[in-house]
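Below is one structure, written out as structure tokens, with a few remarks after it.
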Amino acid sequence: MPTLVMKFGGTSVATLDRIRRAAKRVGREVANGYDVIVIVSAMAGKTNELVGWVEETSKFFDAREYDAVVSSGEQVTAGLMALTLQEMDVPARSWAGWQVPLKTDAAHAAARIEEIGTDNINAKFAEGMRVAVVAGFQGISPEGRITTLGRGGSDTTAVAFAAAFGAERCDIYTDVDGVYTTDPRITAKARKLDRIAFEEMLELASLGAKVLQTRSVELAMRYKVKLRVLSSFEDNDDSAGTLVCDEEDIMESNVVAGVAYSRDEAKMTLLSVADRPGIAAAIFGPLADAGVNVDMIVQNISEDGRTDMTFSLPVAQIPRAEQAMAATKERGEVNYADLVTDDDVAKISVVGIGMRSHAGVAAQMFKALRDEGINIKVITTSEIKISVLIDRKYMELAVQTLHDAFELEKA
Ligand code: ASP
Ligand code: MG
């Protein structure tokens, strides 16, 4: 029988009633002839609560015990979903990650999937089980300990199962009805996309669109898993939601697919560092070691053998970055004149595969921002993305302005 993966996020399993509604959808797909693998998140808010308990108990917690605690939310919903399906006379059982097994590396709290064993579940399908309900977000390390995949990791569980079992599709049920051109809370003109290319989704997800965990999109792209995002709160048919797919499967698309933003950004500049081989390594090596997620990097042309180095980072990581930079100066490795931190910026990005073949997108973006008097502080580009840092107070305005400028409300 063909296999389908259906993933239900926290809001879609937030109460017993919601679980029943989700189970009905599963039952419908079983009636359509599919063997279904259901991946569940913890009930909405549960994982936050569990993380809070861990942090309250232990400041520098053992990540292995963190995983033991925070993985428990998914185990509850997996069991409840299986029970609900059984009540509907659908042959179902639950699986914890280790029972499958879903094998990961040992990077607790941010583990990567290494392998999914398909034999156990397939044997049960062969015996007549129609639904395998799998706890998302969790796996087992080489040492036999429970691991978790990082926040939002159930999406990645779902895509990995779809790849491993050759599922026809991976449907991600959530509380929004798809992927939007931008955040509808910022502009009412935001439009739901029928289709979006993997690469665009990857950029949007890593730029802060929270609908899918970035790694799930990476996996889907690598294994060509047809990924669909849709609402579990609405009645919908086969064409509902947004399909994340290969760009060849998109007939017509706008040059720009969407506008993403990230509110809590900061910018740091090292003034007057020596312009010599190894200087970037001497700066960004220690930042990486300190766990600072540097995004944009700009180095100015040098004058008299000195240059300025600017980079962006999440606001929360400023103390770590400042500490790491002070240490490099103390060791005499990077002799900068001054370190200037701006903790009041936001990053706005326009994303679209159409940019590859379309000139002038950057100019259009900069003009639109100019017309609103918004100053651009840093610019970076990639093949399918242009990002700028601006003062945070203009963030909403910038998103609205760019959404209008690229006419994203029109298909
Ligand atoms: N429950 C986990 C979290 O909130 C995993 C997930 O729902 O994707 O991060
Ligand atoms: Mg999620």
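The values are calculated or read from the model by the stated rules, or taken from the named source; none is laboratory data. As the structure is a computational prediction, the values presented were derived from the model and not from experiment. Note that each Cβ is placed from the backbone with ideal geometry, even for glycine, and that neighbours are counted across all protein chains shown.
Determine whether ALA398 is surrounded by 13 or more Cβ atoms within 10 Å (Cβ to Cβ), free of Cβ contacts under 8 Å to residues at least 60 places away in the same chain and in a helix (DSSP H, G or I).
no
Give me the residue from the range 208-227 that is outside any helix (DSSP H, G or I) and closer than 13 Å to LYS7 by Cβ and, out of that set, farthest from ligand 2 (Cβ to nearest atom). Looking at the filtered set, the residue picked out is VAL225. Could you go through the range 62-84 and let me know if any residue there is closer than 11 Å to GLY139 by Cα, modelled with pLDDT of 95 or more and more than 16 Å from ligand 2 (Cβ to nearest atom). Yes: the range 62-84 contains one or more residues that are closer than 11 Å to GLY139 by Cα, modelled with pLDDT of 95 or more and more than 16 Å from ligand 2 (Cβ to nearest atom). Filtering ALA337, ALA321 for residues that are at pLDDT 95 or above, buried (at least 16 other Cβ atoms within 10 Å of the Cβ) and among the small types (Gly, Ala, Ser) leaves a single hit, ALA321. Checking each residue in the range 261-283 for being touching a residue at least 12 places away in the same chain (Cβ under 8 Å), more than 30 Å from ALA398 (Cα to Cα) and not hydroxyl-bearing (Ser, Thr, Tyr) picks out VAL273, ALA274, ASP275, ARG276, ILE279, ALA280, ALA282, ILE283. Taking first residues from the range 169-197 that are within 16 Å of ligand 2 (Cβ to nearest atom) and partners that are among the aromatic types (Phe, Trp, Tyr) and not in a loop (DSSP other than H, G, I, E, B), the Cβ contacts under 9 Å between residues at least 6 apart in sequence or on separate chains come to CYS170/PHE161; ILE172/PHE8; TYR173/PHE8; THR174/PHE8; ASP183/TYR261.
Return a yes/no flag: does the range 12-19 have any residue that is more than 19 Å from GLY241 (Cα to Cα), over 25 Å from the mean Cα position of the chain (by Cα) and part of a helix (DSSP H, G or I). Looking through the range 12-19, at least one residue is more than 19 Å from GLY241 (Cα to Cα), over 25 Å from the mean Cα position of the chain (by Cα) and part of a helix (DSSP H, G or I).
Would you check if TRP53 is under 14 Å from GLY139 (Cβ atoms), among the hydrophobic types (A, V, I, L, M, F, W, C), in a helix (DSSP H, G or I) and modelled with pLDDT of 95 or more?
no
Against the list (1) surrounded by 15 or more Cβ atoms within 10 Å (Cβ to Cβ); (2) assigned to a helix (DSSP H, G or I); (3) among the polar types (S, T, N, Q), the condition GLN86 fails is (1).
Scanning the range 365-395 for residues that are in a helix (DSSP H, G or I), buried (at least 16 other Cβ atoms within 10 Å of the Cβ) and of a type outside the set (Lys, Arg) turns up MET365, ALA368, LEU369, TYR394, MET395.
The residues of the range 135-172 that are more than 21 Å from VAL244 (Cβ to Cβ) and of a type outside the set (S, T, N, Q), listed by number, are ALA135, GLY139, ILE140, PRO142, GLU143, GLY144, ARG145, ILE146. Inclusion of LYS7 among residues that are surrounded by 17 or more Cβ atoms within 10 Å (Cβ to Cβ), in contact (Cβ under 8 Å) with a residue 24 or more places away in the chain and either assigned to a strand (DSSP E or B) or away from ligand 2 (no atom under 16 Å from the Cβ) (or both) is warranted. In contact (Cβ under 8 Å) with a residue 60 or more places away in the chain, over 19 Å from SER232 (Cα atoms) and polar (S, T, N, Q): is that true of THR148 in this structure? Answer is yes for this residue. Look through the range 56-77, keep the residues that are in contact with a strand residue (DSSP E or B) (Cβ under 6 Å, 6 or more places away or on another chain) and more than 23 Å from SER12 (Cβ to Cβ), and return whichever of them is surrounded by the most Cβ atoms within 10 Å (Cβ to Cβ). Applying the filter and picking the extreme gives ASP67. If you filter the range 228-270 down to residues that are of a type in the set (D, E, K, R) and assigned to a loop (DSSP other than H, G, I, E, B), you find that the one that is nearest to GLU322 (Cα to Cα) is ASP246. Residues of the range 32-47 that are within 11 Å of ligand 2 (Cβ to nearest atom) and in contact with an Asp or Glu (Cβ under 6 Å, 6 or more places away or on another chain): ALA42 alone.
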